[in-house]
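Colleague: This is the structure, below, for whatever I ask next.
The values are calculated or read from the model by the stated rules, or taken from the named source; none is laboratory data. This structure is a prediction, so every number in the text was calculated from the model and none was measured. Just so you know, the surface numbers come from the protein's heavy atoms only, side chains and all, with ligands and any DNA or RNA stripped out. Shrake-Rupley method; radii C 1.70, N 1.55, O 1.52, S 1.80 Å.
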Amino acid sequence: MNIKHFPLHLGLGFALAIAGVVSHAPTAQAQSGNQSDTTGAIVTTSDIVNGALVPSEGGELVIVYITRPIEEAVNGAASLVNQQLAAGNLPVLSTDTPTAIPLTIQQNLEVLVTANGNVSASAAQIESGLVSAGADASLAANLVASLRGLNAGGTVDAAQFQAAIEAYNALINGSPDSFVIEIPEELRAIRSVLGILLNAGLALNQ
């Protein structure tokens with residue numbers, strides 16, 4: 001009996017909500033070679049961020065927010081999150097366990113997302129907590145790496161925001177039953193940070 005689908009419901013619901021507001025789809029331009037973008041289900045839209053191929057060297061893909069107000073809302077939320085982490089009162093998602101997130105985890109996450117302090121040590125602590133709870137080591141490392149400096153200076157880069165969301169989704173999708181039944185505190189904290197940023201953008205897109 002597969003018991004993974006039920007505990008993943010909250011995680012996947014959150015993941016799909018995030019995935020539903022970001023996009024890296026380029027504007028309509030000719031693709032070279034066999035670079036079809038229809039090789040699988042694309043779980044992204046252009047509600048918050050969008051991509052455009054710019055005429056730079058190598059045709060770099062640039063990911064930006066759809067509107068300035070959305071960008072400002074996400075950045076404002078990032079500044080708020082930084083303050084909440086510093087004060088040790090990061091709120092949890094309404095669908096999550098209502099207990100407070102441990103202070104040490106909030107402190108480590110603050111250092112990680114603001115890139116202010118011993119980032120390597122804090123990153124190692126968060127990554128270790130995820131892996132100890134049963135997360136795939138590679139997926140945990142990718143998620144932690146994507147969060148480095150995410151909220152630095154109260155400014156959230158759209159491309160990094162998307163990368164963090166995708167890394168979070170990958171970790172959830174690649175996790176064993178035991179990991180998602182008893183979600184570690186580190187993941188609860190990360191989920192809260194991403195959720196606050198996401199909701200700030202969604203609020204201007206309704």
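Colleague: Counting pairs of alpha carbon atoms under 8 Å apart in space and at least six apart in sequence, what relative contact order in percent does the stretch 63-129 give? Spell out each step's value before the answer.
Modeller: Working: 41 pairs, mean separation 14.1, N = 67.
Once normalised by length, the contact order is 21 percent.
Colleague: Over the stretch 68-206, what is the relative contact order in percent, taking alpha-carbon pairs closer than 8 angstrom and at least six residues apart?
Modeller: On the way: 171 pairs, mean separation 49.5, N = 139.
This gives 36 percent for the stretch 68-206.
Colleague: Something else now. How many Å² of accessible area per residue for the stretch 76-206, probe 1.4 Å?
Modeller: Numbers: 5300 Å² over 131 residues.
Counting only protein heavy atoms, the per-residue value for the stretch 76-206 is 40 Å².
Colleague: Let me ask something additional. If you roll a 1.4 angstrom probe over the protein chains with everything in place, what fraction of the accessible area of the stretch 57-206 belongs to carbon and sulfur, to the nearest %?
Modeller: Details: 3330 of 6540 Å².
Carbon plus sulfur share of accessible area: 51 percent.
Colleague: Under a 5 Å amide H to amide H cut-off, with H placed in plane at 1.01 Å, what residues pair with Gly149 once short-range neighbours are removed?
Modeller: Close amide H contacts, sequence-distant or interchain: Val113, Thr114, Ala115.
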